[in-house]
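Comments concern the structure below.
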Amino acid sequence: MVVINGTATSIANAVEYLAAQRGGVVDVTLTKGDAVQSFQFEFALADVDHLESVDDALKRLIDGGELSLRAIDDFIMRSKGYISAGRYLYGLANYLYGVLAREGLSESGVRDDLQDGGGYQGKYDQAVGILGTFDRPPAEAICGIVAFHYNHFERAMTKTKSQRVAEVSLRFQSLLKRETYFFGDLAPSPHASLDVALSDSVIEQVLGWSALPLDGTAGAEIAELSASIDQQRPYDAFKLHLVAAEHALAEGDIGTARQHAERLRYSRLAEGWYAGFRTRVQGV
Amino acid sequence: MTVGFDFGTTNSLVSVVAGDRVVDVLDAEGLPHASVVRYEGEDVIVGREARHALEEVGLGVYGNTVRSPKFLLGQEIVSVGGVERSPIDIVADVIRHVRAESRRSGHRKVLGELDRAVVTIPVNMNGPRRAALREAFARSEISVTQFVHEPLAALYGHLRGAKDPQAEIRRLMKRNVLVVDWGGGTLDLTLCRIEPGRILQLRNGGTDQVGGDKFDRVIRDEVVARFSNKHGISGSDHPTRDARLSLLQEAESSKIELSDRPSVTIYHASYFAESGTTLEYSLSRQELDGITRPLVAAGIREIEALLESVDMAPAQVSLCLVAGGMAAMPSIRGRLHEMFGPERVLVPENSATLVSQGAAWIAHDAQRLVLAKQIELEMARGLRLPLLRAGTAMPSNGEICRDRFHLYCTDPTDGVAKFAIVAPSDLAEQPQASDPRTSIGMVAVAVDKTAPPLVERLELDVEVDDNLILSVSATSSRRADRASASYFDLEFGIGLPGSSDLRDLDVTEADAWVPNGGLVVRANVADREDSRLVPGDVLYQHKRWAFSRLPGPDQATDEQIREHLYYQPCAVCKRQWGDPACRCASEA
C-alpha cells in the first residue's frame with residue numbers, strides 16, 4: 001500500500017502524482033505486511049521562465065551599478081515572486097552578500113576576516129553549494145570566480161565561460177603542473193562577461209595581476225603587487241607569490257624569485273612547481 | 001463566537017473567523033484602532049482621534065493622553081492630566097472602545113456579543129500585568145478564554161491561513177521557525193520548532209527599545225537637526241507643539257512611503273515659530289537607512305542573542321516569519337535577508353494583522369496551550385523531580401492547574417532548604433539526564449539546622465493559573481517558614497492546525513545528573529526518605545553507626561564515606577584533606 005501525505009492511493013496514482021510534482025514536500029509511506037517505510041521527498045524544480053526573470057532582475061542590479069544592502073534587497077524583492085527559482089535566488093543573494101561583506105559594505109557584522117565560515121567565504125560557500133547545480137550564466141560565472149578564489153583552477157576553467165578567468169586559471173594550472181604556459185600579457189583579451197560585473201574588487205585586482213606578462217617586462221606592476229602581498233589572504237597571496245616568482249625569474253632577479261618561491265615551499269598545491277622552479281633557478 | 005484580540009502597543013485589532021476565512025474588524029478608515037486614550041473632562045476619546053492629538057512619542061502618559069496603556073499595567077495608580085486613574089480602567093477604556101466600534105462594524109453579525117476572546121500578549125509581559133489585563137477585559141465585558149504570546153499567534157495564523165496548510169506544515173516539520181514580531185512599540189521574538197502534532201516554543205525574547213515609534217522620533221529629530229544645521233536655525237527657535245506633532249506624523253508617513261520610493265520631501269510651512277522658517281527637507285532612502293541603522297542593528301542584535309542563547313546558527317532556522325507593522329521596512333527586511341537568506345524570510349502581505357488573525361484561528365479551532373518543556377525540581381545527588389510534565393494543558397479561563405509535593409531536607413546544616421526549579425534547555429521528546437537545564441528560579445525556606453537529615457518535612461505547592469504564570473510555594477514543617485515565587489517566562493506549545501495528535505510528550509524521568517562545572521547550588525531536598533541522599537558528613541553527625549562498615553542496607557555508601565572523610569583531618573598530622581604537606585599515608 002502506498003500512502004501519500006496521509007492518503008492511501010494506488011501505486012500507479014502515486015507514480016503519476018510524484019512525477020507531476022515540481023515543488024514542496026511530499027510524505028510517502030510504503031506498507032507491505034508488517035513492514036512500513038516512510039520517505040520524505042522535497043521537490044524544487046525551477047521553471048525556466050522564472051530563472052530567466054531572476055537573471056533579468058540580476059541584470060538590473062548590475063546595470064544599476066550600486067552594490068548595497070538596499071540594492072540587494074531590491075533585487076530580492078523583484079525576484080521573490082518567481083517562487084520556483086527561490087533556491088537560485090537564494091544562491092545569488094548569498095554570493096552578493098558575500099561580496100558586500102568583502103567590500104566592507106555590510107551592515108551585519110559579516111566581515112571579510114572571519115575564517116570560520118561566518119565571513120564572506122561562508123557566504124561564497126553557501127552560494128556555490130546551491131548555484132553549482134544550475135546551468136545559468138550567472139551561476140557559472142560565480143562558481144568560476146569562487147573556484148578561482150580558492151585556487152581550484154581546473155574547476156574554474158571548466159565552470160566559467162569567462163575567457164579571462166579561464167585563461168588566467170589555465171596559466172596557473174599549467175604552472176602548477178609544470179606544463180607549457182603563455183608568458184605574455186593576458187590582459188588584451190578582455191571579453192565582456194558576467195564575471196567582470198560579479199567579482200569583488202579583490203578578485204578583480206588579483207585577476208589583473210595574474211594576467212600580467214611573466215616575461216620580466218611588467219616591473220612597475222609587479223612592484224605594486226609585491227608591496228601588497230602581505231595584506232592579501234592566503235589564497236590570493238599564493239597566486240601572487242607565484243606570479244611574482246615567475247616574473248622575477250624571467251627578469252633575472254634570482255634573489256627575489258627565490259624569496260617568493262620560498263613562501264610557497266610548503267604548499268602541497270605548489271609542490272611540483274617548486275621542485276621545477278628550483279631546477280630552473282639553478283640553471284640560470 | 002470567540003474572537004482573536006490583539007491588544008497591541010500602538011494598535012489594537014479584533015479578528016474573527018467567518019466560514020473558512022479570517023476577517024479583520026478595522027475602523028472606519030480601514031485601519032486598526034490606535035491604542036491611545038485621551039481624557040477631556042467627562043469625555044473619553046479613544047483611538048485615532050486621540051492619537052492625532054498626541055505630540056510626544058513613546059509609551060506612557062503625556063498630559064491628559066495615554067499612549068499604549070498596556071505598559072502601565074502592573075502599576076496601582078497613574079496620574080493622567082492631574083487625575084489619578086487606575087491603569088486597568090484606562091486599558092478597559094481602550095478595550096471597550098474597540099469592542100463597541102467592532103460591534104458597530106459590518107462584521108457585527110459574525111462577532112455576536114464579542115464577549116469572549118483569545119488575547120495576545122507580548123512574551124515579556126509579567127504575571128501581575130497579565131492579571132491586570134485580564135481584569136481590564138473583564139471590566140469591558142470580555143472574558144479572556146486564553147492568553148497567547150503574540151509571535152506564537154502569528155505563526156499559528158501563518159500556518160492556518162496558508163493556501164495549503166498541510167503542505168506548509170510538511171515543509172517545516174521538525175524544523176526551527178523564528179517569528180519576528182516587530183511592531184510599533186515592541187519587538188517580540190519566539191523561536192519555535194514544528195513537531196508532529198504541535199508547535200513548540202524553544203525560547204522567547206524581545207525588547208521595547210526598538211519599536212516603530214522610536215523610529216519615527218529618530219527620523220523627525222534627525223531631519224530637524226540636519227535642516228537646522230544647514231540653514232543656521234537658532235537653538236532657541238523652537239517649533240510649536242502642534243508643529244512638532246504634525247512633523248512626527250509626517251516622519252511616520254515618510255518612513256512608510258520610502259519603502260517604495262527613492263526619496264520624499266518633508267515640508268512644513270513656518271515650522272520654526274520664532275523665525276517663521278519653513279522646513280523643507282528631501283529625505284532619501286539612503287538617509288533613512290543611515291538614520292535608523294542603530295535601531296535596526298539593536299533589533300538584529302536581539303535576534304542574534306536569542307539564537308545564541310540556544311546555540312543555534314541562522315542557517316538552522318528554516319523560516320523567519322516577520323510580522324508587525326515594521327515588517328515592511330526595507331532596511332529591516334534586508335538585514336533579515338542577509339542573516340537568514342531570502343528564501344527563508346517571509347514577510348506576508350498580512351504581516352500587520354497576522355497576530356490578531358492567528359488569535360482568531362486559535363479561538364476558532366479551540367486550540368489550547370500546553371507546556372512545551374518539563375518543569376523540574378533539582379533534588380539531592382543530581383536527581384530531578386518532574387513538577388509539571390511537557391504537554392500539560394494550560395488552564396483556561398478561571399482554571400488553575402496545581403499539585404503538591406511532599407519532600408524532605410537531606411542536609412539542614414546551613415539552615416536552608418533550596419528548591420531549584422529548572423527546565424530542559426532544548427526540546428526533546430525524552431530529555432536525558434545529561435541534557436543541559438536552564439534555571440527558572442530558586443526558592444529557599446529556613447529549616448531547623450539542628451535537626452537530623454530527612455526529619456524536617458517540606459511541602460512544595462506548584463500551580464499554573466490561567467494567566468500562564470507558574471507559582472511555587474515552599475514551606476518547612478519545623479521552622480514553619482514559607483517562601484513563594486512566580487515565573488512568567490515559560491515556553492508553550494499549541495496543536496498544529498488540523499492535527500489531532502495532541503498526546504502528551506513522552507518524557508522519561510531523569511536519572512542522576514552531575515553538574516559539569518560552574519557555580520551551582522547543591523540541592524538539599526528529596527522526595528523520599530532515603531539516607532543515601534544525605535551528604536556523608538551530615539549523615540556521620542547524626543548516624544555514626546552507618547559508617548561502622550557492617551553489612552546491611554543502612555550502611556553509608558562509598559560516596560558518603562568519601563564525603564565524610566573529606567571533612568576529617570589526617571589522623572596523624574591533623575592536616576586537612578588534600579593538603580600536599582600531609583605525607584602520612586605514603587610514609588606509612
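Nothing in this text is a laboratory measurement; each read-out follows from the coordinates by a stated rule. Note that this is a predicted model, so its numbers are computed, not measured. Cβ atoms come from the backbone with ideal geometry, glycine included; neighbour counts cover every protein chain shown.
General remarks:
- Computed label-point distance, nm, for sites A:Q163 and B:K163 using a 7 Å Cα→Cβ extension: 4.5 nm
- Nearest-0.05 FRET efficiency for B:S236 and A:L18, computed from C-beta distance (R0 60 Å): 0.20
- The amide H of B:I266, built 1.01 Å from its N in the peptide plane, has B:Y281, B:S282, B:L283 as neighbours under 5 Å, considering only residues 5 or more places off or on other chains.
- Sequence-separation-based contact order of chain B, relative, with Cα cut under 8 Å and 6+ spacing, percent: 13 percent
- Of all lysines in the structure, the ones whose alpha carbon falls short of 25 Å from that of B:K543, not counting any fewer than 8 places away in one chain, are B:K418, B:K449, B:K574.
- Within-13-Å neighbourhood charge of A:L61 [Cβ basis; K, R +1; D, E -1]: -2
- Ascending count of other beta-carbon atoms within 10 Å, so fewest first, for B:Y540, B:Y408: B:Y540, B:Y408
- Qualifying trypsin sites (Lys or Arg not before Pro) in the stretch B:417-476, where qualification requires a DSSP coil assignment and no more than 15 other C-beta atoms within 10 Å, comprise B:K449.
- Nonlocal amide H pairs with B:T278, under 5 Å, H built at 1.01 Å: B:S270, B:Y271
- For the Cα trace of the protein assembly as shown, dividing Rg by the Kirkwood Rh returns an Rg/Rh value of 1.06.
- Principal-axis tilt of helix B:87-104 within chain B, Cα atoms, nearest 10 degrees: 50 degrees
- Loop GluC sites (Glu not before Pro), the stretch B:343-390, which have at most 11 other Cβ atoms in a 10 Å radius of their Cβ (DSSP): B:E349
- Helix axis angle, B:212-231 relative to chain B longest principal axis, alpha carbon, degrees: 50 degrees
- For the stretch B:380-386, Karplus couplings with θ = phi - 60° (6.51, -1.76, 1.60), whole Hz, Gly/Pro x: 4, 6, x, 6, 10, 10, x
- Sorted fewest first by neighbouring Cβ atoms within 10 angstrom, B:L133, A:L249 come out as A:L249, B:L133.
- Take each residue in B:327-337, count the other chain C-beta atoms within 10 Å of its C-beta, and the mean is 4.
- Crossing angle, helix B:150-161 versus chain B [Cα axis fit, 0-90 degrees, rounded to tens]: 70 degrees
- Eligible aspartates and glutamates near A:K161 by straight Cα distance, threshold 12 Å, same-chain separation 8 or greater: A:D135, A:E140, A:D195
- Taking amide H as placed 1.01 Å from N in the peptide plane, B:A433 has its amide H under 5 Å from the amide H of B:D511, each at least 5 places away in sequence or on another chain.
- Expected 222 nm ellipticity per residue - DSSP helices of 4 or more, -39500 (n - 2.57), all of the protein assembly as shown, to 500: -11500 deg cm²/dmol
- Per-residue ³J(HN,Hα) for the stretch B:392-407, Karplus 6.51 cos²θ - 1.76 cosθ + 1.60, θ = phi - 60°, Hz, x for Gly and Pro: 5, 5, 7, x, 9, 2, x, 8, 9, 9, 9, 8, 10, 10, 9, 10
- Our summary gives the stretch B:536-587 a relative contact order of 27 percent, counting only alpha carbon pairs under 8 angstrom and 6 or more residues apart.
- Derived scalar couplings ³J(HN,Hα) [the stretch B:19-29; Karplus, 6.51 cos²θ - 1.76 cosθ + 1.60; whole Hz; x for Gly, Pro]: x, 10, 9, 9, 10, 9, 9, 8, 7, 4, 8
- Annotation: the residues B:S15, A:S226, B:S477, B:S270, sorted from fewest to most other C-beta atoms within 10 Å of their own C-beta, follow the order B:S270, B:S477, A:S226, B:S15.
- Cα-based shape type of the stretch B:378-442, given that a ≥ b ≥ c are square roots of the gyration tensor eigenvalues and the cut on a/c is 1.5: oblate
- Remark: for residue pairs B:K174/B:K373; A:K80/B:K255; A:K59/B:K163, the C-alpha separation exceeds 21 Å in A:K80/B:K255; A:K59/B:K163.
- Cleavage-rule hits, chymotrypsin sites (Phe, Trp or Tyr not before Pro), the stretch A:189-284, DSSP coil, Cβ neighbours within 10 Å at most 13: A:Y266
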